[in-house]
Amino acid sequence: MSRRVFFLSLLSLSLTACSSMNTKQANGDFDYANRAEPKPLVIPEGLDKPAQRNEYYVTDKVNHLGPVGENMDIRAPSLVLPIAASSRVVEESSISTIWFDKVLEDKDLLDYIEMVVLQKLLQDNVTHSKVEEDVEVTLSKVLEGATSLKETSIAREGVRTSIIESDWYHDEVESGWLFTEVESATSLRFRYQLVAKPHGRSVSLTVTLADFLKTDNRGGSKVMDPIDQQRAEKAMLNSIVSLVDYNYRVQQREDRLMRANQKLVSIGQNPEAEQAYIVEMNPDKLWENMPVFFEKHGFTITDLNEEKKIYFVDFVKPETSVWDVIWGEDAPVIDVSDAKYQFVLAPIDDKGQQTAVTIYNADGEPLPFETLERIFPVIEAGLSFRDVF
């Protein structure tokens with residue numbers, strides 16, 4: 001029992017050591033920071049100076065105003081991650097800015113990104129306020145690519161902006177085991193600036209730190225380390241970008257479900273007034289996908305006429321085994337006789353977004369309305385490609 005307590009004590013000590021490690025500093029000692037540059041070698045008079053190579057020579061004539069040794073922040077620079085569809089960053093820019101290009105044609109891009117920013121604040125349980133639009137400040141993001149006064153004046157016309165400021169984000173660090181106490185408290189407020197270009201298809205989002213306050217056992221401070229500030233701004237921006245990406249995926253899923261549940265096939269007439277299926281799809285697109293339909297429903301293509309959009313097929317009713325029924329893998333069966341058929345595709349509207357699919361039997365006669373209606377449930381799902389796309 002005492003040995004177990006000893007091991008647990010060692011484990012707790014190691015965890016304490018790990019948690020107290022400063023991730024901003026390098027490991028090891030910093031004696032090198034206090035070493036003076038050695039004096040140059042003095043050659044006595046009458047002796048030859050030895051050969052000297054300077055490939056690895058480090059001069060002392062550098063900027064001594066920056067941090068040295070344990071004051072050096074070794075963390076890797078933070079980056080803006082354009083993981084959302086059609087998002088991009090401005091190269092060689094330290095500002096936490098990202099550009100979004102239009103993805104959802106039925107939504108206003110500026111309003112959409114603003115909605116995501118407000119959604120992020122709501123998730124974090126942080127209130128916000130809208131700031132009076134400062135066009136001169138926010139326009140700088142749009143005008144940074146202008147190369148002439150004419151381009152600048154054109155860019156100013158029709159530009160839309162939006163500025164949101166968050167309330168305080170609070171973060172407390174506690175210490176102690178049985179009795180905890182607040183070791184330090186950090187509070188941050190962010191400003192979100194959105195600028196839409198005149199055409200409305202590109203919107204920039206810039207995140208900046210509006211206010212900062214930190215209190216610990218050494219007192220309080222309203223000044224944040226520049227590297228910490230940049231990391232905080234980019235972390236906030238990346239969290240919004242990931243939320244934009246999530247919303248895009250949710251919208252795409254809803255669109256797919258809507259298309260899956262949409263009635264794309266109906267019974268009507270072809271241009272010759274014969275009974276046919278009407279499919280809400282471009283004839284060329286439907287022609288390309290018909291082989292998938294045939295393969296899943298027991299048809300074998302024997303010939304085709306691409307110019308007249310005719311498929312010549314043989315139909316053999318697929319056999320369904322007991323195991324297919326048990327495992328739910330049996331495909332819907334079209335209730336027609338085993339025979340030769342022709343599937344003829346023809347456009348029926350000026351926009352080319354509707355296609356008539358007429359099924360002819362071996363005698364060249366179109367299938368009657370009664371047959372089309374009987375097999376409609378299977379044909380409708382198959383020509384909608386609901387189980388494929």
* Looking at LYS234, LYS263, which one is more than 14 Å from ILE113 (Cβ to Cβ), out of contact with any Asp or Glu (no Cβ under 9 Å at 6 or more places or on another chain) and touching a residue at least 24 places away in the same chain (Cβ under 8 Å)? -> LYS234
* Just for the stretch 344-367: of the residues that are part of a loop (DSSP other than H, G, I, E, B) and touching a residue at least 12 places away in the same chain (Cβ under 8 Å), which one is surrounded by the fewest Cβ atoms within 10 Å (Cβ to Cβ)? -> GLY364
* Asked: Among TYR248, TYR277, which is the only one that is surrounded by 14 or more Cβ atoms within 10 Å (Cβ to Cβ) and in contact with a strand residue (DSSP E or B) (Cβ under 9 Å, 6 or more places away or on another chain)?
  -> TYR277
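Going residue by residue through the stretch 145-162, is there one that turns out to be at pLDDT 70 or above and among the aliphatic types (A, V, I, L, M)?
Checked the stretch 145-162: at least one residue is at pLDDT 70 or above and among the aliphatic types (A, V, I, L, M).
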* To do: Examine the stretch 369-386 for a residue that is modelled with pLDDT under 90 and of a type in the set (Phe, Trp, Tyr), and state whether such a residue exists.
  => yes
* **Contacts under 6 angstrom Cβ, first residue in the stretch 293-304 being basic (Lys, Arg) and modelled with pLDDT under 95, partner part of a loop (DSSP other than H, G, I, E, B) and open to solvent by less than 80 Å² (accessible area, probe 1.4 Å), 6 or more apart** => LYS296/ALA331
* Structure fact -> Restricting attention to the stretch 260-283, the residues that are at pLDDT below 90 and part of a helix (DSSP H, G or I) number exactly 2
* Is it the case that the stretch 189-204 has a residue that's without any contact (Cβ under 8 Å) to a residue 24 or more places away in the chain, in the same structural domain as ASN125 (by the TED database) and either farther than 30 Å from GLU105 by Cα or hydrophobic (A, V, I, L, M, F, W, C) (or both)? -> no
* Pick from the stretch 23-65 the residues that are under 24 Å from PRO77 (Cβ atoms) and open to solvent by 100 Å² or more (accessible area, probe 1.4 Å): which of them is modelled with the lowest pLDDT? -> THR23
* Counted residues, the stretch 76-89 - those being open to solvent by 60 Å² or more (accessible area, probe 1.4 Å) and either over 24 Å from GLN251 (Cα atoms) or not assigned by the TED database to the domain that holds ARG249 (or both) -> 3
* Consider TYR246 against the criteria (1) without any contact (Cβ under 8 Å) to a residue 40 or more places away in the chain; (2) among the aromatic types (Phe, Trp, Tyr); (3) outside any helix (DSSP H, G or I): it satisfies all of them except one. Which criterion is unmet? -> (3)
* Taking ILE310, is it surrounded by 15 or more Cβ atoms within 10 Å (Cβ to Cβ), in contact with a Gly (Cβ under 6 Å, 6 or more places away or on another chain) and assigned by the TED database to the domain that holds ASP335? -> no
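Which one of PHE179, PHE212, PHE190 is out of contact with any Pro (no Cβ under 7 Å at 6 or more places or on another chain) and open to solvent by 60 Å² or more (accessible area, probe 1.4 Å)? I'd like the intermediate steps shown before the answer.
Details: PHE212 fails: open to solvent by 60 Å² or more (accessible area, probe 1.4 Å); PHE190 fails: open to solvent by 60 Å² or more (accessible area, probe 1.4 Å).
Unique residue meeting the criteria: PHE179.
The values are calculated or read from the model by the stated rules, or taken from the named source; none is laboratory data. Predicted model only: the values in this text are computed from it and were never measured. Using ideal geometry, Cβ is built from the backbone for each residue, glycine included, and neighbour counts are taken over all protein chains shown. The protein model used for the area step is the full one, side chains on, heavy atoms only, and it has no ligands, DNA or RNA in it. Shrake-Rupley method; radii C 1.70, N 1.55, O 1.52, S 1.80 Å.
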